[in-house]
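*Asks:* Sending over a structure as C-alpha cells; questions will come in a sec.
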Amino acid sequence: MTTQQHKIGTGFGARTTTDEVLRGIDLSGRLAVVTGGYSGLGLETTRALAGAGARVVVPARRRSTAQAAVDGIDGVEVDELDLADLDSVRSFAERFLASGRDIDLMIGNAGIMASPETRVGPGWEAQFTTNHLGHFALVNRLWPAIERGGARVVSVSSNGHQLSAMRWDDVQFERGYDKWQAYGQAKTANALFAVRLDALGRDSGVRAFSVHPGTIATSLGRHMSETELDDLTKSIDSSPTNSGWKTPEEGAATQVWAATSPRLADAGGVYCEDCDIAEPAAPDTVLGSGVSAWATDPEEAARLWRLSAELTGVDAFAATP
C-alpha cells in the first residue's frame, strides 16, 4: 500500500522556529481558531499567527487567565470554551457561527497529559474526552465556517501516540486506569481524527493534518511528580530517534507550518514532525520519531469517527457513506 507518510524535504528541522516557517507568508485577512492558545505552545502559536497578520480566536476554559496572557498581542480575541463539556462546546460554536465569519485555520492545540483518573460528562475518561472528543465536537459544530473557509485543520497529537493504539474493548478505561496508556490512546485519536477528517473534507477544499510538536517543558506536565518528570526525561533522552528538547518557538513551529505551508497544498491526513511529514515509525519505537501504523490506519480512523459521533451526538457528515 502506498502512503504519503514520507518526508518531502522542506529544509526545516527540529530547531526551526515559528518565525522561520512563517517568513514570507502573509496571513492578513485570515482567521484562525487556536484552542488553548493562551499558554505554552498555544500562546506561541497565537503570537506567531497574529504577527503574520491573522485574526486569532482563542477559546479558553479560563477566560480571564487567557485574556491576561494575550493582552498586548494585536488581533486576538478570547471566548469561553471547556472542551470537556459538550454543552460548552455547543455554546461556543453557536456564538462563533452567529458572527458569520469563515475559518481559514483551525488548530486543536489544547489538551491534558497523564492526569489522575478523572471522569467527565457521563463518566467518560478525561484525557480521551478533552483531547479528542471535545475537538471532534468542536470541528463538527464549526463545520459550516470551516467549509466556507476551505480551512486547514491541525490536530496536535504527540509521539505519545506510540504508547497505545485505540483500546476498542475499553476506550473509557472502565476496567483499570493507566494514565500513560490513556494519554497514548488520546494522542492516537488526535492523529486518526485528522486522517478521517481529511478524507471527508478534501472535496470541500478542507485538509487536515496531525502533528508531533516535539518535547517541550510546558505546563502540560503539571500532573506529574518530580520523580515522574525525571523518569520521563530519562526515557526521552535515551530514545535513539527522539530529536531532543525544544523551546516553545521550536515546538510550535510544526503546527504553524502544517497550518500555513504551501508545500502541503496537495497533501492531507498525514502526521507531521520537525516541520516536515514524518516517516513511518519502526514497530518498537517508543517516544521517538515517526508515526505508528495504528495512528494512520484509515479503517481505524473511520471506526473512531463513528464512535465519536455516537458519543457526542454530532456529525457534520452524517449523510456521507
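*Asks:* What residue, among those in region 252-262 that are buried (at least 17 other Cβ atoms within 10 Å of the Cβ) and not polar (S, T, N, Q), is nearest to Ala14 (Cα to Cα)?
*Replies:* If we take residues in region 252-262 being buried (at least 17 other Cβ atoms within 10 Å of the Cβ) and not polar (S, T, N, Q), then Ala253 is nearest to Ala14 (Cα to Cα).
*Asks:* Of everything in region 85-114 that's of a type in the set (Asp, Glu) and in contact with a helix residue (DSSP H, G or I) (Cβ under 6 Å, 6 or more places away or on another chain), which residue is farthest from Gln255 (Cα to Cα)?
*Replies:* Taking the candidates together, the pick is Asp102.
*Asks:* Checking Ala14 against (1) surrounded by fewer than 21 Cβ atoms within 10 Å (Cβ to Cβ); (2) more than 20 Å from the chain's Cα centre (by Cα); (3) in contact (Cβ under 8 Å) with a residue 60 or more places away in the chain: exactly one of these is not met. Which one?
*Replies:* For Ala14, the exception is condition (2).
*Asks:* Still on this structure, I have one more. Could you check region 31-47 and list, in sequence order, the residues that are assigned to a helix (DSSP H, G or I) and surrounded by 24 or more Cβ atoms within 10 Å (Cβ to Cβ)?
*Replies:* Across region 31-47, the qualifying residues are Leu41, Gly42, Glu44, Thr45, Thr46.
*Asks:* Considering only residues that are farther than 25 Å from Ala98 by Cβ, of a type in the set (Asp, Glu) and in a helix (DSSP H, G or I), which ones fall in region 127-186?
*Replies:* none
*Asks:* Another question, then. Let me confirm something: among Gly149, Gly134, Gly121, which residue is at positive phi and out of contact with any strand residue (DSSP E or B) (no Cβ under 6 Å at 6 or more places or on another chain)?
*Replies:* Gly121 is the lone residue from the list that is at positive phi and out of contact with any strand residue (DSSP E or B) (no Cβ under 6 Å at 6 or more places or on another chain).
*Asks:* Condition first: under 19 Å from the mean Cα position of the chain (by Cα), in contact (Cβ under 8 Å) with a residue 40 or more places away in the chain and closer than 14 Å to Thr188 by Cα. Now tell me which residues in region 281-299 satisfy that.
*Replies:* Residues satisfying the conditions are Leu287, Gly290, Val291, Ser292, Trp294, Ala295, Thr296, Asp297, Pro298.
*Asks:* Same structure, new question: Please work out which residue is modelled with the highest pLDDT, limiting yourself to region 187-223 and to residues that are assigned to a loop (DSSP other than H, G, I, E, B) and small (Gly, Ala, Ser).
*Replies:* Checked region 187-223; the qualifying residue modelled with the highest pLDDT is Gly205.
*Asks:* So Ala194 fits all but one of (1) surrounded by fewer than 24 Cβ atoms within 10 Å (Cβ to Cβ); (2) within 20 Å of Gly268 (Cα to Cα); (3) not β-branched (Val, Ile, Thr); what number is the exception?
*Replies:* Of everything listed in (1) surrounded by fewer than 24 Cβ atoms within 10 Å (Cβ to Cβ); (2) within 20 Å of Gly268 (Cα to Cα); (3) not β-branched (Val, Ile, Thr), Ala194 misses just condition (1).
Here is a yes/no grid of residues against (1) outside any helix (DSSP H, G or I); (2) surrounded by fewer than 21 Cβ atoms within 10 Å (Cβ to Cβ); (3) touching a helix residue (DSSP H, G or I) at 6+ places or on another chain (Cβ under 9 Å):
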residue: Asp266; (1), (2), (3): yes, yes, no
residue: Gly269; (1), (2), (3): yes, no, yes
residue: Ala282; (1), (2), (3): yes, yes, no
residue: Thr285; (1), (2), (3): yes, yes, yes
residue: Trp294; (1), (2), (3): no, yes, yes
residue: Ala301; (1), (2), (3): no, no, yes
residue: Leu304; (1), (2), (3): no, no, yes
residue: Ser308; (1), (2), (3): no, no, yes
residue: Leu311; (1), (2), (3): no, yes, yes
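*Asks:* I would also like to ask the following. Within region 61-82, how many residues are in contact (Cβ under 8 Å) with a residue 40 or more places away in the chain and either of a type in the set (S, T, N, Q) or under 11 Å from Asn109 (Cα atoms) (or both)?
*Replies:* 0
*Asks:* When residues of region 72-88 are filtered for being part of a loop (DSSP other than H, G, I, E, B) and not small (Gly, Ala, Ser), how many remain?
*Replies:* Count: 6.
The values are calculated or read from the model by the stated rules, or taken from the named source; none is laboratory data. Everything quoted here is computed from the prediction, not taken from an experiment. Counting neighbours? That spans all protein chains shown, and the Cβs are built from the backbone with ideal geometry, glycine included.
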